[in-house]
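Undergrad: For reference, the structure I am asking about is given below.
The values are calculated or read from the model by the stated rules, or taken from the named source; none is laboratory data. On a predicted model such as this, the values are computed, not experimentally measured, just so you know. Cβ placement follows ideal geometry from the backbone for every residue including glycine, while neighbour counts extend to all protein chains displayed.
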Amino acid sequence: MSTMSVKLGSPGGRALVIALRLAVAAVLVWAGVPKLLDPVAFANDISNYHLLPDVVLGPAAVLTPVIELVVAAALVAGVHARGGALVAAAMFLVFTAAMLQAMARGIDLDCGCFGRDASARVGWTSVARNAALLAASALVVMAPDAPWRRRRTDETATRKKPGD
């Protein structure tokens with residue numbers, strides 16, 4: 001077990017992991033709901049990056065917010081939270097790479113992160129935001145399983161129950 005896992009397993013670490021899970025989930029809900037409600041606008045936002053062929057824009061515009069909302073639910077509920085955080089980290093990595101390639105190619109665009117009502121230009125601020133969300137997701141992935149449960153020690157695992 002790594003030092004980071006032990007620290008994340010401490011009472012303060014558990015509170016941090018729960019706070020990170022909820023923060024990432026809140027961002028995913030804030031991002032996912034508007035995109036799910038207007039997939040055509042989100043497909044246009046994706047198209048502006050000039051990365052995907054037109055044939056996958058529609059499915060990507062529908063599946064991305066669905067995945068964001070499913071991951072958010074996992075993070076809030078704590079059910080498969082580490083797996084959800086891993087998916088979130090992968091998504092933030094892809095989103096960041098898409099932003100960086102747009103910047104490198106001189107494409108000036110709205111990131112499409114939070115739907116049409118919340119404009120956010122692609123730039124170093126949006127890259128930094130995604131990097132922070134990626135780091136938060138990575139910390140949740142590295143946290144011990146089920147941080148709200150007390151781990152059994154070898155002593156408690158071998159102790160006989162009354163009546164045994």
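Undergrad: Got a sec? Which helices (runs of 4 or more DSSP H) wholly within the range 14-120 have at least 1 residues that are among the basic types (Lys, Arg) and surrounded by 15 or more Cβ atoms within 10 Å (Cβ to Cβ)?
TA: Here the list reads 81-104.
Undergrad: Tell me which residues, restricted to the range 75-90, are within 12 Å of SER137 (Cβ to Cβ) and touching a residue at least 12 places away in the same chain (Cβ under 8 Å).
TA: Hits for the range 75-90 are LEU75, ALA81, ARG82, GLY84, ALA85, LEU86, VAL87, ALA88, ALA89.
Undergrad: Conditions: (1) over 24 Å from ALA132 (Cβ atoms); (2) at pLDDT below 95. PRO59 meets all but one. Number of the miss?
TA: (2)
Undergrad: Looking only at the range 134-151, filter to residues that are assigned to a loop (DSSP other than H, G, I, E, B) and at pLDDT 55 or above; which one of those is surrounded by the most Cβ atoms within 10 Å (Cβ to Cβ)?
TA: It comes out as ALA143.
Undergrad: Can you name the number of the only condition in (1) surrounded by 15 or more Cβ atoms within 10 Å (Cβ to Cβ); (2) under 20 Å from LEU51 (Cβ atoms); (3) at pLDDT 95 or above that ALA131 fails?
TA: For ALA131, the exception is condition (1).
Undergrad: Still on this structure: Return the residues of the range 17-52 that are closer than 20 Å to SER137 by Cα and of a type in the set (Gly, Ala, Ser); say none if nothing qualifies.
TA: Within the range 17-52, ALA19, ALA23, ALA25, ALA26, ALA31, GLY32 qualify.
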